[in-house]
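Peer 1: First the structure, which I've put down as structure tokens, then a few questions once you've had a look.
Taken together, the values in this text are just the output of simple stated rules run on the coordinates, not laboratory data. What you see is a predicted model, and the numbers here were worked out from it, not measured in a lab. FYI the Cβ positions are ideal-geometry reconstructions off the backbone, even for glycines, and counts take in every protein chain you see.
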Amino acid sequence: MEALKKKILTDGAAYGSEIVKVDSFINHQIDVAFLNEIGKEFARIFSDVEITKIITIESSGIAIAVIAAQYFNNVPVVFAKKSESRNLDPDKYHGEVYSFTKQKVYPIMISKKYISPNDKILIIDDFLANGKAALALNNLCEQAGATVQGIGIVIEKGFQPGGKLLREINNIRVESLAIIDNIDNGVITFRD
Ligand code: 5GP
């Protein structure tokens, strides 16, 4: 998505050789008009498959998924929670994710009420790095017997192994709106 690549270059920043900062429009302040364009693009790319639900993970995935859902006939959005709370249903699917940014393992969970074997799911997230978050979300859907139609990623870091892990090893359809091939001294290079 050319507009996204342009936005990353103008409004984003690279930290070291691995981290991309886009908190002026996705991860902290949210550019709603721009997320609408992202939502439309996901809907265009996945227009060949039926989607009954969008699954994401708190917190950054929520805004992207909710805006995108409006372009998928307002299907419900379910976000995996990262911590227990008294108002979370005790009957739930569990997974574990190693966080690339926080460098620690955290649990994820979704109430069994909100994924069913009839669901045809699109998983959405902001970044794909090592693929741990997306794979854990895929695993929760598998536990529920639901069909994962694909994974939509806003920014894939193609120099990290997540894309290969999901596409080649786990045979999952992954569509990324921008793929970064390299970060060198703060300079971001995209895949064509
Ligand atoms: P993975 O599980 O693929 O290793 O990492 C994906 C998750 O880590 C995403 O949900 C995202 O929140 C976070 N993440 C990974 N790399 C980056 C990055 O370069 N920038 C930001 N802002 N988040 C990242």
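Peer 1: So which of GLN143, GLN149 ends up being touching a His at 6+ places or on another chain (Cβ under 9 Å) and either surrounded by fewer than 22 Cβ atoms within 10 Å (Cβ to Cβ) or not small (Gly, Ala, Ser) (or both)? Quick ask: steps written out before the conclusion?
Peer 2: Details: GLN149 fails: touching a His at 6+ places or on another chain (Cβ under 9 Å).
Every option except GLN143 fails the conditions.
Peer 1: For the range 21-44, which positions are surrounded by fewer than 19 Cβ atoms within 10 Å (Cβ to Cβ), outside any helix (DSSP H, G or I) and not hydroxyl-bearing (Ser, Thr, Tyr)?
Peer 2: Of everything in the range 21-44, those that are surrounded by fewer than 19 Cβ atoms within 10 Å (Cβ to Cβ), outside any helix (DSSP H, G or I) and not hydroxyl-bearing (Ser, Thr, Tyr) turn out to be LYS21, ASP23, ASN27, HIS28, GLN29, ILE30, ASP31.
Peer 1: Taking the range 93-128, which residues are under 20 Å from VAL77 (Cβ atoms), of a type in the set (Lys, Arg) and either within 12 Å of the ligand (Cβ to nearest atom) or surrounded by 13 or more Cβ atoms within 10 Å (Cβ to Cβ) (or both)?
Peer 2: Once the filter is applied, which keeps residues that are under 20 Å from VAL77 (Cβ atoms), of a type in the set (Lys, Arg) and either within 12 Å of the ligand (Cβ to nearest atom) or surrounded by 13 or more Cβ atoms within 10 Å (Cβ to Cβ) (or both), the range 93-128 yields LYS112, LYS120.
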